[in-house]
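What follows draws every value from the coordinates through simple rules; no lab data is involved. Quick caveat: nothing in here was measured; it's all calculated off a predicted structure. Don't worry about glycine lacking a Cβ; one is built from the backbone with ideal geometry, like all the others, and counts go over all protein chains shown.
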């Protein structure tokens with residue numbers, strides 16, 4: 001997390017919708033197939049809904065069939081990861097590098113060239129189309 005983004009819970013609540021707060025600040029997960037961004041096909045950039053850092057390019061987006069927006073690579077230096085032991089099997093959690101917001105998880109069952117699937121909550125993202 002970058003300096004200056006250590007907001008209080010009250011500041012985050014004022015900045016985010018209740019649903020986005022639950023995902024980004026409380027490590028929640030939106031229901032599968034609930035995000036319109038899962039079906040977004042236009043060229044552009046997916047930014048963090050908490051701090052507007054560019055996280056993923058539409059060039060790396062693919063339809064994983066899981067019900068969440070999926071990407072095979074992030075924009076360089078945009079994300080951080082940590083071990084997540086909240087369920088029986090350990091997973092790798094994905095966070096925004098700037099604000100530390102919870103984005104989703106990364107799995108090793110994605111397409112080439114990386115073989116990775118960044119499974120990201122649509123509520124953690126905003127989409128900025130190319131102009």
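Here are the numbers:
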item	result
Residue, surrounded by the fewest Cβ atoms within 10 Å (Cβ to Cβ), within the stretch 55-75, restricted to residues that are touching a residue at least 40 places away in the same chain (Cβ under 8 Å) and part of a strand (DSSP E or B)	62
Condition broken by residue 46, with the remaining ones in (1) surrounded by 14 or more Cβ atoms within 10 Å (Cβ to Cβ); (2) at positive phi; (3) in contact (Cβ under 8 Å) with a residue 40 or more places away in the chain satisfied	(2)
Residue 110 being out of contact with any helix residue (DSSP H, G or I) (no Cβ under 9 Å at 6 or more places or on another chain), farther than 28 Å from residue 9 by Cα and in contact (Cβ under 8 Å) with a residue 12 or more places away in the chain	yes
Test result for residue 52, in a helix (DSSP H, G or I) and either closer than 19 Å to residue 130 by Cα or under 16 Å from the mean Cα position of the chain (by Cα) (or both)	no
Those residues of the stretch 1-27 which are closer than 20 Å to residue 97 by Cβ and in contact with a helix residue (DSSP H, G or I) (Cβ under 8 Å, 6 or more places away or on another chain), in sequence order	7, 12, 16, 20, 21, 23, 24, 25
Residues located in the stretch 86-114, provided they are assigned to a loop (DSSP other than H, G, I, E, B) and in contact with a strand residue (DSSP E or B) (Cβ under 8 Å, 6 or more places away or on another chain)	90, 97, 98, 99, 100, 101, 108, 109, 110, 111
Subset of the stretch 116-131 that is in a loop (DSSP other than H, G, I, E, B) and in contact (Cβ under 8 Å) with a residue 12 or more places away in the chain - its residue that is farthest from residue 42 (Cα to Cα)	116
